[in-house]
Every structure is written in C-alpha cells, then in structure tokens.
Amino acid sequence: MTVAAQAQAGVAAWQRGDAAAARTMFEAVVAAGRATPQLWLLLAQACTALDDGPAAHVALDQVLGADGRNLFALTMKGDLLAMAGDDRGAAAFYGLALTNAPPAAERSPDLAVRLARAAAATAAIQARFDAHLASQLDRQGIASARPPRFIEALDILSGAKSVYLQQPTSFYYPGLPQRQFYEAATFAWIPRLLAAVPAMRRELDDILAGGDGLRPYVEGTPGRPNRGHALLDDPSWSAWHLLQAGEPLIAAREHAPATLAALKLAPLPRISGRSPMALFSVLRPRTHIPAHTGMLNTRLICHIPLIVPDGCRLRVGNETRAVVAGEPMIFDDSIEHEAWNGSDETRVVLLFEIWRPELDADERTALTALFEAIGDYPAP
C-alpha cells in the first residue's frame, strides 16, 4: 500500500469511528517520513480518542512546530492539559488560541465548538484560580483590609479589569505616575475654593436662567478633519466658557466674577493662547459621554460638581465614582474616561485644568515655553 493510500485509509477509518485503525494507518505514514501537519493533527485526534495523551502531545507538538498558531492544535493541547489537571498549561494554550481566533462569522462549525469549549474551560480555570487566591489571602489575614491598589491589581490579574495607562492624543511627558483619580484632600487650595461654591452656584443659576452663551462642548474646527466624536456639535453636552485660550471671557467677567476669583486659587497653567481654561460643563438628561482620552498628560482635570441629580457617574480607567454635589473630582484625563447622566435632570460641574503636582517649577517653565512655541507654529 502506498503512503497516499495509507493516509486515505486512515482518514476513512477515522470517519467511520475506528480510531485504532486510523492510528495504525497514520503511524505508517509517519514511519515513512511523509507526515504533514494535517496528518499529525489527525493522528493526535486518534490518539486522544484512544486515551493516549502522551502520544497525542507528541503529534500536536509536531503540528505546532510547523504552525505555532494552529487553533485546532492549541485547543487540543489545552484540552489534554486540562484533563490532566494542569490548569496553568491549559490556560496558556487556550489563551493563545482565543487571542488569535478569527471573528465568529469566519469560524468553521468544528472550530467554533472548540473555541467555545476553550473559553468555557478558561473561565472555569480563572474561577478556580480566583478561589485559590482568596483562600490563601484569607489564611494570611489579608481579607477585608486590602489596600485599594492591591484590590485593583487582583482585578487586573483575574481579568475583571484592564490596564489603563496615559494615552494623550497630542503630547506625552514621560515619567509621570499612572494615577486615575487624585484625592482632593491632598491639595491645600481646595478648601478655599470650595468656600466659594455657594457663590458659584448662584452665578450658575443666573447663567442657566438666562439661557445664553452655551455651546456644544465638542465643536468642529474649520479646516480640520471630523474625527467622528459621538457628541460633535451636540448640545446634549454643552459648555459655558469662563476662561478660554488663556483669557477670561467678557460674559464671564460680567456674570461669574466670584467663580473667576475662586479659580485664581488653583495652580492653573498660564500658557499664552492656550491656558488657563475653565467652563461650566452641562450634561443634559440621559446623556453618555463616550470613552475618550485628553490631549496632554501634563495636566489634571478638576470637576467641582454644582448641580448633580442622582445617577451621575464618572469613570477614569478602572475606577467609577458617583458624582456628588460639592465633592471635587480631580483626575488624569489622558487615561481613558467617560461620564454618564442617568437622570431626567441636567448635571453641571465647574471644569478646569491644573498643573500636575509632580511637575516642578523648572519643568512647568520649560513646558510653558514648549506649548507656546507649538502654538506659534508656523511662525509669523
């Protein structure tokens, strides 16, 4: 019998459910030195059906040696290791298969079944691993008093949360800490600024009652491409500007003098033509600001919530906080963030930028000069 005939006989035996005969034929092809990756895969299936795990591993290693991303071989290796109780090994092969899997619409029925089984097995392994960690940490007394960063690290380890890093769209300054929220209590100027909240609220109420000066927060720029922001030119998210391009607006001087005075207490960047900037951010009922990142990581964004119905939230990276009237929120907007007003009323916060506290005076001076030079390009 020729090698080709042996291979065909092996396939025919496998198709009729005779794993032993199929294995005999496939091994004959292997002995002749004519095995292809596909034949090795068929041999692995026959060996698996005969409960010969070691031989199946050998065959699958041949397949993966030729194609390390073969999804059938990867999931079969995962199955064999899972049956042997090797969760770590199984998770590694399943994970590689799932990471490299094509879209669902492009999967053959057999592959779809294998990948679904791999996903379910991976979830079960993760659950066992999480339970093991919880048990061991409890034994060590690390149960209820876990530091927040430690809890987040566990969530990332389990896959419940992702790693979010600074991804500014225009300028990245290296070496700054990757912190999502900053606690307001660490900023000495915050209490004095909060003392002005009642006056700010009165000014805001008058501004909203007048109904003038609100513009969509995200506006198209003439001569620039439309980047497709979901709320482009949408008044559902509006702004009433106080400081823009480094200068107070005339309307702000007239209608919000107390707010402008309070803003002087904060470490606002002062960059010609660019900063400081401050505004009342108005989010209409049932509006979601989609996930996005800011332009720079050299600043922090401050929210002073002034009008806040129930159901308002802000997510920065892995952390979502409720928005509460009078409670400042200071965060790094170069980390992915989004916001929701889930109520039937309007939410308004005072929004402004400050220098990151980690930047010293020399760095702030150098950055100011750099940003002004960027703003001046092309030179007149």
Legend entry - Degrees between helix 19-31 axis and first principal axis of the chain (Cα, 0 to 90, nearest 10): 90
Inset, instruction - Could you state the accessible area per residue of the stretch 328-379 in Å², with a 1.4 Å probe and every protein chain left in place? - result: 42
Inset, instruction - With a probe of 1.4 Å, find how much accessible area the stretch 115-248 has per residue, and write the answer as a whole number in Å². - result: 63
Inset, instruction - Give me the net charge of L279's neighbourhood, meaning all other residues with Cβ under 15 Å from the Cβ of L279; Lys, Arg count +1, Asp, Glu -1. - result: -1
Inset, instruction - Select one label from [x] 20.2, 63; [y] 21.2, 67; [z] 30.4, 98: the one whose number is Rg and Dmax of the Cα atoms in Å as derived from the coordinates shown. - result: [z]
Inset, instruction - Leaving out ligands and nucleic acids, note down the accessible area per residue over the stretch 32-71 with a 1.4 angstrom probe, in whole Å². - result: 49
Legend entry - Highest average packing first - 45-53, 296-304, Cβ atoms within 10 Å: 296-304, 45-53
Legend entry - Cα long-axis angle, helix 148-158 against the chain (0 to 90 degrees, to the nearest 10): 30
Legend entry - Value of [θ]222 nm, deg cm²/dmol, for the chain, DSSP H segments ≥ 4, -39500 (n - 2.57) each, nearest 500: -14000 deg cm²/dmol
Inset, instruction - Please identify which residues in the stretch 149-172 have an amide N closer than 14 Å to a label point set 7 Å out from the Cα of H132, following the Cα→Cβ vector. - result: 158
Legend entry - Sequence-distant residues sharing a close amide H with C312 (under 5 Å, placed H): V323, G342
Legend entry - Distance in nm between pseudo-label sites at A49 and A160 (7 Å out along the Cβ direction from Cα): 4.3
Legend entry - Cβ-Cβ FRET estimate between Q244 and D310, R0 fixed at 30 Å, reported to 0.05: 0.45
Legend entry - Whole-percent carbon and sulfur share, accessible surface of the stretch 14-148, 1.4 Å: 57
Legend entry - Debye, to nearest 20: dipole size of the stretch 25-169, +1 on Lys, Arg Cβ, -1 on Asp, Glu Cβ: 380
Inset, instruction - Using only Cα atoms, tell me the angle between helix 3-15 and the longest principal axis of the chain; keep it within 0 to 90° and round to the nearest 10. - result: 70
Legend entry - Residue among Q45, Q8, L306 farthest towards the positive dipole end of the chain, charges placed on Cβ: Q8
Inset, instruction - Positive end of the charge dipole of the chain (Lys, Arg +1 and Asp, Glu -1 on Cβ, about the Cα centre): tell me which of I271, P216, A252 has its Cα farthest that way. - result: P216
Legend entry - For the chain, size of Cβ-based charge dipole, Lys and Arg +1, Asp and Glu -1, in debye: 220
Inset, instruction - Find how many whole Å separate the alpha carbon centroid of the stretch 1-67 from the alpha carbon centroid of the stretch 312-352. - result: 59
Legend entry - Approximate spin-label separation A5-R88, in nm, with each point projected 7 Å along Cα-to-Cβ: 5.0
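The values are calculated or read from the model by the stated rules, or taken from the named source; none is laboratory data. Note that the coordinates shown come from a computational prediction; the quantities given were computed from them, not determined experimentally. Glycine gets a Cβ as well: all are built from the backbone with ideal geometry, and neighbour counts include every protein chain shown. Just the protein is used for accessible areas: all its heavy atoms, side chains included, with ligands, DNA and RNA removed. Shrake-Rupley method; radii C 1.70, N 1.55, O 1.52, S 1.80 Å.
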